[in-house]
1. Which lysines, on any chain, are close to residue 4 with Cα under 16 Å apart, when same-chain ones fewer than 8 places away are left out?
2. Could you put 109, 93 in order of accessible surface area, largest first, with the 1.4 Å probe and the full protein assembly present?
3. At q = 0.13, 0.23 Å⁻¹, work out log10 I(q)/I(0) for segment 167-250 with the Debye formula, treating every Cα as an identical point scatterer and leaving solvent out; two decimals please.
4. Work out the FRET efficiency for residue 283 and residue 262 from their Cβ-Cβ distance, taking R0 = 25 Å, and round it to the nearest 0.05.
5. Excluding same-chain residues fewer than 8 positions from residue 35, which aspartates and glutamates have a Cα within less than 19 Å of its Cα?
6. How long are the semi-axes of the ellipsoid equivalent to segment 30-174, from square roots of 5 times the Cα gyration tensor eigenvalues, in whole Å, largest first?
7. Going by amide H atoms built from the backbone, whose H comes under 5 Å of the H on residue 296, apart from near neighbours?
8. Taking all protein chains in place and a 1.4 Å probe, what share, in percent, of the accessible surface of segment 178-306 do carbon and sulfur account for?
Amino acid sequence: MRVKILGSAAGGGFPQWNCACPNCRLQRAGNFQGKARTQTQVAISTDNRSWFLLGASPDLRAQIEAAPELHPREGVRQSPIAGAVLCNADVDHTLGLLLLRELQPLEVHATESVRRILTEDNSMFGMLQRVSHQVTWTDFTPETTFPLLNPAGEDSGLRCRALSLGSHYPAYVSERRQSALISGEASLGLIVESPGGKRLACMPAVPQIEDTLLQEFESADVLLFDGTFWSDDELIRIQGSGQTAQQMGHVPVSSSLARLAQLRRPRKIYVHINNTNPMLNEAGPEFRQVREAGWEIAEDGWQFDL
Ligand SMILES: [Zn+2]
């Protein structure tokens, strides 16, 4: 299985359009020792010909152009992108689907709840259903293993299992709709298994680390983990108001470093890094602390084989 990290920032990217925090200001001025990043996007493949997206970021157009493997190969209209797996209905995680609306056949795997939010409440997603055999939606339920199939129905050999991590739906989902949805389908992490049995754990939004989750991580070969915020009150300190990291469904890095220190098996990589996070600064103490703890901090364009 080849894994490409097309984007590694949290929602808004780095720098973020309306943000003048120290990180964003210095990055724009060219005085920041650290990389700019697009919004988190992972792509996986077993044959380098058919690719599956984990989520669909708002930066997908630029991310596809930056990855030659994802460029059209044959004919005038074609894409190696076979489909996508959705973990939640967040704008940062699903908006990219609308960028893939050019009548391209795609297989989209989502929970029933996420599918209904997108296709029944948001009429713009009708652009993905203009002709038959355009986007095929396939429901999955958390904790069950499902195969990733391309639009022709062929099995990629990849197996996915979603873990239920959070119960909060996005703020745009009405209370009436939320009351009709299954709370355990709101926010998921994914375990992807290659045909050879290698495991990727993709966990960009983790509200708390239960013991059962630790066991899942210990059985993974690579862990892509929630690196959104360094500290719980990071946004409040920088903006003067707002929510804590925990309230937004993210365990801060300063906590997860300690909680996950006992992991032995997986290669550990932080993804989904918010522009305010001080560990983006490669000259700073937080960056050094993370690296010395054996973690890596994902950058756009990274890839590895499992
Ligand atoms: Zn910023």
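1. Cross-link targets: 198, 268.
2. Details: 109 5, 93 30 Å².
Per-residue accessible area, sorted high to low, gives 93, 109.
3. Those come out to -0.56, -1.11, one per q.
4. On the way: r = 29 Å, r/R0 = 1.17.
Computed FRET efficiency for residue 283 and residue 262 comes out at 0.30.
5. In chain and number order, the partners are 59, 65, 226, 282, 286, 296, 299, 300.
6. On the way: eigenvalues 97, 88, 56 Å².
That gives 22, 21, 17 Å for the three semi-axes.
7. Placed amide hydrogens put 268, 269, 270 under 5 Å from residue 296.
8. On the way: 2420 of 5360 Å².
Of the solvent-accessible surface of segment 178-306, carbon and sulfur hold 45 percent.
The values are calculated or read from the model by the stated rules, or taken from the named source; none is laboratory data. Computed from a predicted model, the values in this text were never measured in an experiment. Neighbour counts are summed over all protein chains in view; Cβ atoms, including those assigned to glycine, are modelled from backbone coordinates with ideal geometry. Calculation scope for accessible area: heavy atoms of the full protein, side chains included, ligands and nucleic acids excluded. Shrake-Rupley method; radii C 1.70, N 1.55, O 1.52, S 1.80 Å.
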